[in-house]
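Colleague: Dropping the structure in here first, questions after.
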Amino acid sequence: MSSIRARLTTTYAAALFGTMAVFAVVLYGARRASVYRDLQDNATRRADLALQIIAQAKETGDPLTVVRDPLIGPTVTPRLKTLLEGIPDFVLVLDSYGRTLYNSFAVRQLSDNDQLKLSQEAIDLVTGEPAQLIELSSDRLLVVSRPEPDRGTGVARVVAGVSATNAFLNPGELVATMLVISPIILVLSIFGAYVIAGRALRPVDRMVDEVAAIRDGRSLHRRLPVTDTTDELARLAATLNEMIERLETSFGALRRFTADASHELKTPLAVLRADVERAMGGTGTSNEHLAALEEALQETARMADLVESLLTLARADEGRFDLHREPVEMEPLVREVYETAVILGEHAGLTVTLPVIEEATVQGDRTRLRQLFLNLITNAIKYTGRGGRVELSLSRRLDSVTFSVRDTGIGIAAADLPFVFERFWRADRARSRASERGGFGLGLAISQYIAQAHGGSLTAISRLGRGSTFTVSLPLPVGEEAGEGEPAAPVEAHGAASTGDGPD
Ligand code: ADP
């Protein structure tokens with residue numbers, strides 16, 4: 001079955017049909033039982049009426065039976081017979097020998113065989129038993145037997161019966177009726193189910209059309225209509241909308257990323273071209289040619305850096321950012337980057353300190369962690385003016401180790417802070433590009449990725465004009481937690497005191 005609509009239709013039609021069949025059988029059973037009860041009551045009433053008439057006749061003191069013909073045996077008196085004739089349906093009055101004293105008009109209308117059969121059955125009927133069905137050739141009777149309490153009258157029992165032929169629908173008739181009606185019910189139920197299923201699935205069809213209309217990144221702004229109900233389809237539409245929104249965000253980011261990357265590559269390429277043209281030009285001194293080639297070399301190095309960063313991020317996006325995990329002792333690593341920081345700081349006229357350093361070993365990639373720490377350090381030095389301070393620290397917490405870089409530099413505006421980890425984001429593009437060490441705005445994105453790939457995090461707090469603190473938190477391997485490591489001696493650069501009054 002190809003569509004849900006067709007499946008729903010057949011299932012619904014089958015269920016309806018089955019229910020109808022069960023309903024018919026139950027109804028048949030219930031009706032049969034109630035008709036049986038009614039017939040039994042009727043027959044009992046006839047018998048009781050006959051007994052009443054006999055009782056009244058007895059009160060007159062006259063005999064109730066006469067023997068007109070010894071061959072036939074006793075019969076009820078003509079007077080009593082006249083009275084009994086008023087009772088409709090089948091009534092037989094029997095004496096204690098089982099002889100029939102009276103046959104009602106309906107009995108007398110039966111064929112001889114049926115009459116014989118009925119009187120035979122009447123003799124066999126046990127008084128007090130529930131009613132019994134007797135099949136005659138012309139009719140089907142439901143009969144009851146009631147005793148005459150006073151035996152002295154010669155009357156022993158009254159047997160009364162009512163016709164049950166029309167009252168009962170036999171199972172064959174039921175099946176025949178079902179066979180006639182069922183195709184109609186089936187057609188109606190299939191039609192009904194088809195219409196209902198179609199109506200229920202119409203929103204799904206609409207949804208399919210809407211989703212099909214979203215063909216490329218440009219149509220991702222479209223959203224599916226969401227009804228204000230809480231049914232499954234409304235939830236599906238809401239969920240799909242959320243997914244489309246996420247896709248739209250990713251597509252947007254991808255577009256921006258490509259545009260930014262091309263833009264970043266365009267400028268160094270233009271400079272490179274101008275330099276090469278300048279160097280190749282016949283005019284100019286060899287010194288000028290050398291200067292042009294040197295600039296070209298710098299731009300080439302810048303581009304190589306950019307391409308390297310882009311490659312790293314592309315690998316990270318693809319999940320191909322392999323970490324060579326090994327136990328990394330943090331203390332020697334931080335001392336190593338600190339030494340580099342001191343040299344860089346000296347060039348920039350800054351004081352670099354390492355007031356807190358504690359021992360800890362993490363599971364990680366030493367080269368990547370070094371890259372991460374140096375990124376933060378070079379940023380701190382880049383964005384801190386001469387005479388400023390940069391403070392590194394490595395401290396061990398309960399289940400993590402934190403490395404932080406705090407500077408007294410230019411800081412980041414509160415409005416900009418949420419974007420610092422975004423790719424190609426720079427607080428001031430023009431200045432960054434113009435400055436000799438201007439970056440591409442990819443360093444922090446890569447740094448954050450490295451921290452996260454280690455199961456850790458990179459966070460920033462900053463105040464414009466007061467400085468920034470970037471903190472890397474890395475989890476300690478299981479079993480390494482709790483403060484086993486002893487703090488190592490604080491290290492100071494240029495004899496500067498670690499006052500700790502950085503950004504707040
Ligand atoms: P860039 O290569 O431009 O430094 P990053 O991703 O490392 O790229 O940094 C993004 C931006 O965040 C920088 O351009 C700068 O505006 C801001 N930033 C980063 N670190 C600091 C810092 N220590 N102090 C002030 N601003 C910073």
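Colleague: Which value, in Å to one decimal place, does the Kirkwood hydrodynamic radius take for the chain when every pair of different Cα atoms is included?
Modeller: Values: mean 1/r = 0.0295 Å⁻¹.
Value: 33.9 Å, from the Cα pair sum.
Colleague: Here is a further query. Tell me whether the range 298-343 comes out rounded, prolate or oblate; compute the Cα gyration tensor, take square roots of the eigenvalues as a ≥ b ≥ c, and use a/c under 1.5 as the rounded threshold. Mind dumping the intermediate values first?
Modeller: Values: a/c = 4.49, a/b = 1.24, b/c = 3.62.
Here the range 298-343 falls in the oblate category.
Colleague: What are the residues whose amide H is under 5 Å from the amide H of GLY364, where those residues sit 5 or more places off or on another chain and H is modelled from the backbone?
Modeller: GLU326, VAL328
Colleague: Take LEU398 and ILE343, extend 7 Å from each Cα along the Cα→Cβ direction, and tell me the distance between the two endpoints in nm.
Modeller: Label at LEU398, label at ILE343, 4.1 nm between them.
Colleague: So between THR267 and VAL208, what do we pick up on full extension, going 0.36 nm a residue minus the alpha carbon distance?
Modeller: Numbers: separation 59, 0.36 × 59 = 21.24 nm, distance 4.54 nm.
Between THR267 and VAL208, full extension yields 16.7 nm more.
Colleague: At a Förster distance of 41 Å, what's the computed FRET efficiency of THR229 paired with ILE184, Cβ-Cβ distance as r, to 0.05?
Modeller: Values: r = 35 Å, r/R0 = 0.86.
The value I calculate is 0.70.
Colleague: To continue, here is another question. Under the √(5λ) rule applied to the eigenvalues of the Cα gyration tensor, what semi-axes describe the equivalent ellipsoid of the range 246-299? Give them in Å, descending.
Modeller: Values: eigenvalues 286, 13, 4 Å².
They are 38, 8, 4 Å, listed largest first.
Colleague: Still on this structure, please answer the following. Under a cut-off of 30 Å between alpha-carbon atoms, report the lysines in cross-link reach of LYS266, not counting same-chain residues fewer than 8 places apart.
Modeller: LYS382
Colleague: Provide the gained length on full extension for the span MET280 to ALA301, in nm with one decimal, where the gain is 0.36 nm per separating residue minus the Cα-Cα distance.
Modeller: Details: separation 21, 0.36 × 21 = 7.56 nm, distance 2.01 nm.
Taking 0.36 nm per residue and subtracting the Cα distance, the gain is 5.6 nm.
Colleague: Also, I was wondering about something else. Using alpha carbons only, how many angstrom separate the centre of the range 56-83 from the centre of the range 261-311?
Modeller: That distance is 142 Å.
Colleague: In whole Hz, with x marking every Gly and Pro, tabulate ³J(HN,Hα) for the range 386-394 from phi via Karplus 6.51 cos²θ - 1.76 cosθ + 1.60, θ = phi - 60°.
Modeller: Coupling constants for the range 386-394: 4, x, x, 10, 10, 10, 9, 8, 10 Hz.
Colleague: Helix-derived [θ] at 222 nm for the chain: sum -39500 (n - 2.57) over DSSP H runs of at least 4, divide by residue count, nearest 500?
Modeller: Taken over the chain, the calculation gives -18000 deg cm²/dmol.
Colleague: What are the ³J(HN,Hα) values, in whole Hz, obtained from phi via the Karplus relation 6.51 cos²θ - 1.76 cosθ + 1.60 with θ = phi - 60°, for each residue of the range 356-364 in sequence order, with x given for Gly and Pro?
Modeller: Along the range 356-364, the couplings run 10, 9, 10, 7, 6, 10, 10, 8, x Hz.
Colleague: Just read off the accessible area of ASP399 with the full protein assembly in place, 1.4 Å probe, to the nearest 10 Å².
Modeller: 90
Colleague: I would also like to ask the following. Just to confirm, what accessible area per residue do you get for the chain at 1.4 Å probe, in whole Å²? Write down the numbers at each step before the final one.
Modeller: On the way: 28580 Å² over 504 residues.
Value for the chain: 57 Å² per residue.
Colleague: With the convex hull built on the Cα atoms of the range 80-188, state its orientation-averaged projected area in nm². Each step should come with its number before you reach the end.
Modeller: On the way: hull surface 36.0 nm².
Taking a quarter of the hull surface, the average projection is 9.0 nm².
Colleague: Amide H neighbours of LEU350 under 5 Å, counting only residues 5+ apart in sequence or on other chains, H built in-plane at 1.01 Å?
Modeller: So LEU350 has HN proximity to GLY387.
Colleague: Give me the number: length gained by fully extending ALA413 to ARG335, i.e. 0.36 nm times residue separation minus the C-alpha to C-alpha distance, one decimal in nm.
Modeller: 25.0 nm
Colleague: A further question follows. Using the Kirkwood radius over C-alpha pairs as Rh, can you work out the diffusion coefficient of the range 202-247 via Stokes-Einstein at 37 °C, viscosity 0.692 mPa s, in µm² per second? Present the calculation step by step, with values, prior to reporting the outcome.
Modeller: Values: Rh = 10.8 Å.
The estimated diffusion coefficient comes to 304 µm²/s.
Colleague: Follow-up. Which lysines does LYS58 reach when only Cα atoms under 20 Å apart count, and residues fewer than 8 places away in its own chain are ignored?
Modeller: By straight Cα distance, LYS58 reaches LYS81.
Colleague: Return the Cα extents of the range 53-106 along principal axes one, two and three, sorted largest first, each rounded to a whole Å.
Modeller: The Cα atoms of the range 53-106 stretch 28, 27, 18 Å along the principal axes, largest first.
Colleague: Still on this structure, please answer the following. Stick to the Cα atoms of the range 1-142, pair each with every other, and give me the Kirkwood hydrodynamic radius in Å at one decimal. Please report the intermediate quantities before stating the final value.
Modeller: Details: mean 1/r = 0.0535 Å⁻¹.
Hydrodynamic radius (Kirkwood, Cα pairs) of the range 1-142 is 18.7 Å.
Colleague: Could you rank SER473, SER138 by how accessible they are, 1.4 Å probe, largest area first? The partial results should precede the final answer.
Modeller: On the way: SER473 35, SER138 80 Å².
If we order SER473, SER138 from most to least accessible, we get SER138, SER473.
Colleague: Report the dimensions of the range 26-82 along its three principal axes from the alpha-carbon atoms, largest first, rounded to Å.
Modeller: Over the range 26-82, Cα extents along the principal axes are 53, 29, 13 Å.
Colleague: A further question on this structure: Given H placed on each backbone N at 1.01 Å, which residues far from SER393 in sequence or on other chains put an amide H within less than 5 Å of it?
Modeller: SER404
Colleague: Still on this structure, please answer the following. Going by the alpha-carbon gyration tensor, a ≥ b ≥ c the square roots of its eigenvalues, is the range 261-349 rounded (a/c under 1.5) or, if a/c is not under 1.5, prolate (a/b greater than b/c) versus oblate?
Modeller: Numbers: a/c = 3.87, a/b = 1.63, b/c = 2.37.
Since a/c reaches 1.5 but b/c is at least a/b, the shape of the range 261-349 is classed as oblate.
Colleague: On to the next question. Please give, to one decimal in nm, the separation of the simple spin-label points placed at GLU245 and LEU290, each 7 Å out from Cα toward the Cβ.
Modeller: Each label point is offset 7 Å from its Cα along the Cβ direction, giving 6.2 nm.
Colleague: State whether the range 174-276 is rounded, prolate or oblate according to the following rule on the C-alpha gyration tensor (a ≥ b ≥ c being the square roots of its eigenvalues): a/c under 1.5 gives rounded; otherwise a/b larger than b/c gives prolate, and the remaining case gives oblate.
Modeller: On the way: a/c = 7.68, a/b = 4.34, b/c = 1.77.
Because a/c hits 1.5 or more and a/b exceeds b/c, the range 174-276 counts as prolate.
Colleague: What's the local net charge at LEU311, with K and R +1, D and E -1, over the other residues with C-beta under 12 Å away? Write out the running numbers ahead of the final one.
Modeller: Values: positive: ARG315, ARG320; negative: ASP305, GLU308, ASP317, GLU318.
Summing Lys/Arg as +1 and Asp/Glu as -1 gives -2.
Colleague: Can you give the FRET efficiency for ILE123 and LEU27, using 1/(1 + (r/R0)^6), R0 = 41 Å, r = Cβ-Cβ distance, to the nearest 0.05? Don't skip to the answer; put the middle values down first.
Modeller: Numbers: r = 37 Å, r/R0 = 0.90.
Efficiency at R0 = 41 Å is approximately 0.65.
Colleague: Moving on. Taking Cα centroids, how far is the range 352-415 from the range 312-348 in Å?
Modeller: Using only Cα atoms, the two centres lie 11 Å from each other.
Colleague: In whole Hz, what ³J(HN,Hα) sequence does the range 255-262 give by Karplus (6.51, -1.76, 1.60; θ = phi - 60°), x for Gly and Pro?
Modeller: Once rounded to whole Hz, the list reads 4, 4, 4, 5, 4, 5, 4, 5.
The values are calculated or read from the model by the stated rules, or taken from the named source; none is laboratory data. Just so it is clear, the model here is predicted, and its values are computed rather than measured. Counting neighbours? That spans all protein chains shown, and the Cβs are built from the backbone with ideal geometry, glycine included. Side chains are part of the model used for accessible areas, which takes the heavy atoms of the whole protein and leaves out ligands, DNA and RNA. Shrake-Rupley method; radii C 1.70, N 1.55, O 1.52, S 1.80 Å.
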